[in-house]
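Novice: One structure, as structure tokens, below. Some questions next.
FYI, it's all coordinate maths here, none of it is from the lab. A quick note: this is a predicted structure, and the numbers were derived from the prediction, not measured. Positions of Cβ are generated from backbone atoms using ideal geometry, with glycine treated the same way; all protein chains shown enter the neighbour counts.
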Amino acid sequence: MTVRYDPEIIRAHAQALYDQARGMVFAWGLAGFVGGGVAGAVLDAAMKSGPIGAVVLGFIGMALGVRSARSRAFVLQLQAQTALCQVAIEANTRRAADAVVSAASPPEGGRLTQVG
């Protein structure tokens with residue numbers, strides 16, 4: 001099997017990184033809410049108070065989860081942008097190289113001949 005350059009694979013990878021970043025913020029926010037809610041419920045049970053602690057700690061956990069997920073999501077988005085930038089660099093370089101090659105080669109039938 002011959003390996004060939006395919007920019008669509010890189011674009012698909014970049015899209016997958018963006019999708020992963022988007023899902024990460026939601027998942028970590030949900031996990032933070034559940035984790036904070038469980039910790040708050042345990043604390044409420046120990047203190048024999050109402051469920052307000054579970055809700056408050058749930059929202060605090062959600063905020064912390066979203067905050068840390070956003071920083072990790074930014075790294076994934078940066079990796080996607082780097083890959084897309086490399087695709088653009090390759091396309092521009094190929095276009096410039098093709099222009100140089102076409103300018104350097106004489107046109108067909110337009111060769112000069114020496115007379116006399």
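Novice: Per residue of the stretch 40-56, what does 6.51 cos²θ - 1.76 cosθ + 1.60 with θ = phi - 60° give for ³J(HN,Hα)? Whole Hz please, x for Gly and Pro, Karplus curve as stated.
Specialist: x, 5, 5, 5, 5, 5, 5, 8, 6, 10, x, x, 5, x, 5, 5, 5
Novice: Using log10 I(q)/I(0) by the Debye sum over Cα atoms at q = 0.16, 0.19 Å⁻¹ as the read-out, say which of (i) -0.85, -0.97; (ii) -0.93, -1.14; (iii) -0.73, -0.95 was calculated from these coordinates.
Specialist: Working out log10 I(q)/I(0) by the Debye sum over Cα atoms at q = 0.16, 0.19 Å⁻¹ from the coordinates points to (i).
Novice: Now for a different question. By how many nm would the segment from residue 94 to residue 63 lengthen if fully extended, with 0.36 nm per residue of separation less the alpha-carbon distance?
Specialist: Net length gain for the segment: 6.5 nm.
Novice: For the stretch 80-89, take each phi angle, set θ = phi - 60°, evaluate the Karplus expression 6.51 cos²θ - 1.76 cosθ + 1.60, and give the result in whole Hz per residue in order, putting x for glycine and proline.
Specialist: Working through the residues one at a time gives 5, 5, 4, 5, 5, 5, 5, 5, 5, 4 Hz.
Novice: How far apart, in nanometres, would the label points at residue 56 and residue 87 be if each is projected 7 angstrom from Cα along the Cα-to-Cβ direction?
Specialist: 4.9 nm
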